[in-house]
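See below for the structure under consideration.
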Amino acid sequence: MVLWYILALAFSGLIVGALARLALPGPDPMGILATIGLGLAGSFVGGVLAWLLIGHAGGIIFSILVATGLLYLHRRFVQHRPLTGPGARQLPPR
């Protein structure tokens, strides 16, 4: 029973993370585990924000929006890449 719950969490995290990565242009050099982590973080933070703002769960739309925002913040402050312009399509420096 617990294994199915973990698999369902991983699958939903993968879906939300993949949709967040599709929402932002440019390459994102991250593996499947990082994508799952991005989706789970977006779902958790989105759920907390929705609960605080509207009083109930925000659903998958809120999760994708927050995961996209987290991906943008990661690109901007960790990878030091802009969202638009010539630097947006380049891979981050290693």
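The values are calculated or read from the model by the stated rules, or taken from the named source; none is laboratory data. Being a predicted model, the structure only gives us computed values, none of them experimental. In this analysis, Cβ positions are derived from the backbone assuming ideal geometry, glycine residues included, and neighbour counts consider all displayed protein chains.
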Quiz prompt | Those residues of region 74-93 which are under 14 Å from PRO29 (Cα atoms) and part of a helix (DSSP H, G or I), in sequence order | solution = HIS74, ARG75, ALA88, ARG89
Quiz item: Are any of the residues in region 20-37 assigned to a helix (DSSP H, G or I), of a type in the set (A, V, I, L, M) and in contact with a His (Cβ under 9 Å, 6 or more places away or on another chain)?
Solution: no
Quiz item: Of all the residues that make up region 25-55, how many are in contact (Cβ under 8 Å) with a residue 24 or more places away in the chain and not hydroxyl-bearing (Ser, Thr, Tyr)?
Solution: 13
Practice problem: Consider GLY13 carefully, then state whether it is out of contact with any Ser or Thr (no Cβ under 6 Å at 6 or more places or on another chain) and at pLDDT below 90. | Solution: no
Self-check item: Selection count where residues are within 12 Å of the chain's Cα centre (by Cα), of a type outside the set (Val, Ile, Thr) and under 13 Å from ALA23 (Cβ atoms), scope region 45-94
Solution: 8
Quiz item: Within region 56-63, is there a residue that is in contact (Cβ under 8 Å) with a residue 24 or more places away in the chain, polar (S, T, N, Q) and part of a helix (DSSP H, G or I)?
Solution: yes
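Of these, SER12, SER43, which one is hydroxyl-bearing (Ser, Thr, Tyr) and either touching a Pro at 6+ places or on another chain (Cβ under 9 Å) or surrounded by fewer than 17 Cβ atoms within 10 Å (Cβ to Cβ) (or both)?
SER12
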Quiz item: Is it the case that region 64-73 has a residue that's modelled with pLDDT of 90 or more, small (Gly, Ala, Ser), in a helix (DSSP H, G or I) and surrounded by 16 or more Cβ atoms within 10 Å (Cβ to Cβ)?
Solution: yes
